[in-house]
Protein chains: 2
Amino acid sequence: MNYPNGQRKPLTIKPKQTSFSRRGMTLEEEINETTDFYRIQGQAVIHKKPTPVQIVNVHYPRRSAAVITEAYFKQASTTDYNGIYKGKYIDFEAKETKNKTSFPLANIHEHQVHHMQQVIKHGGISFIILRFRAYEETYLFDAKDLFVCWQEQFDGGKKSISYNHVKQLGHPVPFHYQKKVDFLSVVDKLYL
Amino acid sequence: MNYPNGQRKPLTIKPKQTSFSRRGMTLEEEINETTDFYRIQGQAVIHKKPTPVQIVNVHYPRRSAAVITEAYFKQASTTDYNGIYKGKYIDFEAKETKNKTSFPLANIHEHQVHHMQQVIKHGGISFIILRFRAYEETYLFDAKDLFVCWQEQFDGGKKSISYNHVKQLGHPVPFHYQKKVDFLSVVDKLYL
Ligand SMILES: [Mg+2]
Ligand SMILES: [Mg+2]
C-alpha cells in the first residue's frame, strides 16, 4: 500500500520474542515441556495423566478413525502428574491462580488431597506446584503443608492459602530455557 | 399369569451365579476391581490411567455440563497402570488374547516398550499382565523377559511370544474373590 507521499508503509516489526518467553503458555504446558525434557535427558519419567472423559457415544465410519460424538468431562480421582525419579515415586498437582493475595482451596478436590495422603503414607513424594500469575511466581508447596491448610479450613480456618504463607513455606521453582518449571531441582534439595 | 389348569407359572430360578464368577469381566475390569481393593485396604496406590482422547469440539449448553461433541482416540504413550507399592514405583500393561498358542507382539507398541525400559532404568518395577482367555490363565511376565522377545522379532525371531514360553518364564497370578488379579502377591515374591 502506498501512502500519499509515495512512501510504502514500513513493515511493522514485532518486538522480538525471546525464545524463553512464557507468553501465552499455561503452567501445564510449561510443566509438560519440562517433563518431556527430563525424559529426553534420561533424568526422570514423569507424565501428565490424560484428562478423564466419560465416553457415551462413538461413531465408527467405514474407512476412517472412530469418532467420539458424545462424551463428558469426569472429575479426576488423582493428581495431574506422576512418575519415577531416582527410584522414587513422584506425584503432584499443578495449579495456577490469577488471585493476588491467596490460593483458594476450592481449586483442590478432597479426593485429590486424600490421594496425596495415601502417596505419602506409601513412601512417595507429593506436592503441588502453585503459580501466582499476577507475580509470575511458581512455588513447590509440600503436600504435608497443604494437609495442614486443608484441615484448618474445617476447623474454622481460612478457605484459602495466603500468598504470604505460600511465599514463606513454599519453595520457588527456578525457570530455565529448556526446563521452564524445573521442579526436580527443588525435589533434590527438599526430599533426596 | 394363570395357566389353563389354574396354576401360576413357576418362577424361573436362575442358576445362582457364584459371587467370584468372572463371567463377562474383562481383564481390565478385574484389575480395576483389584486395585480398588488394594487401595481400600491401604496396600498400594495404583490407578488405571484414563484413555487418552484428543478433544476437538466442546459444546457448552446454558444450564448443563459441557458436552464433548467431537473427539478421537489417541495412542497411549505409556502403559495402562502405575502407582506406588511399598515405596516402589510400579508400572505395567495389561493384555488379553483369544489366541491359544501365542501372544502377538503387535499388541504392544514400541513406545510402550521404550517407556518400560526407562522405568526399569530409573529403578521401578515393570511387567505385563497377560491373559490367555482360552485357558482362563493369567500371568505376570517381567518387562526384562518382554524386552528379549521384543528384540528377537527384529533379529529374525518370532513376532509373538508362544504360550509355552509365557508358561515357562511367566508367573501365574492367583485369583481371589476380592482380588481377582492378585498381582501384588507375585510382585512380593519376584521383586521385593
Ligand atoms: Mg491441574
Ligand atoms: Mg491394556
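Is at least one residue of segment A:97-107 assigned to a loop (DSSP other than H, G, I, E, B), open to solvent by 10 Å² or more (accessible area, probe 1.4 Å) and either within 16 Å of ligand 2 (Cβ to nearest atom) or within 11 Å of another protein chain (Cβ to nearest Cβ) (or both)?
Checking segment A:97-107: not a single residue is assigned to a loop (DSSP other than H, G, I, E, B), open to solvent by 10 Å² or more (accessible area, probe 1.4 Å) and either within 16 Å of ligand 2 (Cβ to nearest atom) or within 11 Å of another protein chain (Cβ to nearest Cβ) (or both).
I'm checking my understanding of the structure. Among residues of segment A:120-133 that are open to solvent by 20 Å² or more (accessible area, probe 1.4 Å) and within 14 Å of chain B (Cβ to nearest Cβ), which one is nearest to B:Gln43 (Cα to Cα)?
A:His122
Might you let me know whether segment A:79-92 holds any residue that is more than 16 Å from ligand 2 (Cβ to nearest atom), in contact with a helix residue (DSSP H, G or I) (Cβ under 6 Å, 6 or more places away or on another chain) and open to solvent by 20 Å² or more (accessible area, probe 1.4 Å)?
No.
Yes or no: segment A:61-74 includes at least one residue that is hydroxyl-bearing (Ser, Thr, Tyr), facing chain B (nearest Cβ under 10 Å) and surrounded by 12 or more Cβ atoms within 10 Å (Cβ to Cβ).
Yes - at least one qualifying residue is present in segment A:61-74.
Under 6 Å between Cβ atoms, at least 6 apart or on separate chains: pull out the pairs that start in segment A:90-112 with a residue that is touching a residue at least 60 places away in the same chain (Cβ under 8 Å) and end on any residue that is away from ligand 2 (no atom under 16 Å from the Cβ) and of a type in the set (Asp, Glu).
If the second residue must be away from ligand 2 (no atom under 16 Å from the Cβ) and of a type in the set (Asp, Glu), the pairs left are A:Ala94/A:Glu28; A:Ala94/A:Asp80.
A:Tyr89 - would you say it is within 19 Å of A:His165 (Cβ to Cβ) and either modelled with pLDDT of 95 or more or in contact with a Cys (Cβ under 9 Å, 6 or more places away or on another chain) (or both)?
no
If you check A:Ile13 against the conditions, is it more than 14 Å from the chain's Cα centre (by Cα), surrounded by fewer than 18 Cβ atoms within 10 Å (Cβ to Cβ) and either at pLDDT 95 or above or closer than 21 Å to B:Gly124 by Cβ (or both)?
no
Starting from segment A:178-190, take each residue that is at pLDDT 95 or above and among the acidic types (Asp, Glu) and list its partners that are buried (at least 21 other Cβ atoms within 10 Å of the Cβ) and in a loop (DSSP other than H, G, I, E, B), counting only C-beta distances under 7 angstrom and pairs at least six apart or across chains.
Listed pairs, sorted by first residue: A:Asp182/A:Val173.
What's the number of the condition A:Ile46 fails, among (1) closer than 29 Å to B:Ala71 by Cβ; (2) part of a helix (DSSP H, G or I)?
If we test A:Ile46 against (1) closer than 29 Å to B:Ala71 by Cβ; (2) part of a helix (DSSP H, G or I), just (2) comes out false.
Going through segment B:154-169 one residue at a time, which ones are in contact (Cβ under 8 Å) with a residue 24 or more places away in the chain, open to solvent by less than 90 Å² (accessible area, probe 1.4 Å) and more than 17 Å from B:Ala134 (Cα to Cα)?
B:Leu169
Regarding B:Gln151, is this residue open to solvent by 10 Å² or more (accessible area, probe 1.4 Å) and at pLDDT below 95?
no
Identify, from the list A:Gln54, A:Gln117, A:Gln41, A:Gln112, the residue that is open to solvent by 70 Å² or more (accessible area, probe 1.4 Å) and away from chain B (no Cβ under 11 Å).
It is A:Gln41.
Return the only residue of B:Arg131, B:Arg39 being assigned to a helix (DSSP H, G or I) and among the charged types (D, E, K, R).
B:Arg39 is the lone residue from the list that is assigned to a helix (DSSP H, G or I) and among the charged types (D, E, K, R).
Does B:Gln75 meet the test of being among the polar types (S, T, N, Q), part of a helix (DSSP H, G or I) and more than 16 Å from ligand 1 (Cβ to nearest atom)?
Here the answer is no, as B:Gln75 does not meet what is asked.
Take the residues in segment B:134-148 that are open to solvent by 30 Å² or more (accessible area, probe 1.4 Å) and not in a helix (DSSP H, G or I); name whichever of them is nearest to B:Met25 (Cα to Cα).
B:Glu136
In segment A:77-90, which residues are more than 8 Å from chain B (Cβ to nearest Cβ) and either in contact with a Pro (Cβ under 7 Å, 6 or more places away or on another chain) or under 15 Å from A:His114 (Cα atoms) (or both)?
Once the filter is applied, which keeps residues that are more than 8 Å from chain B (Cβ to nearest Cβ) and either in contact with a Pro (Cβ under 7 Å, 6 or more places away or on another chain) or under 15 Å from A:His114 (Cα atoms) (or both), segment A:77-90 yields A:Thr79, A:Asp80.
The values are calculated or read from the model by the stated rules, or taken from the named source; none is laboratory data. Just so it is clear, the structure is predicted and the values come from calculations on it, not from any experiment. Because the Cβ atoms are built from the backbone with ideal geometry, glycine has one as well, and the counts that use them run over all protein chains shown. Calculation scope for accessible area: heavy atoms of the full protein, side chains included, ligands and nucleic acids excluded. Shrake-Rupley method; radii C 1.70, N 1.55, O 1.52, S 1.80 Å.
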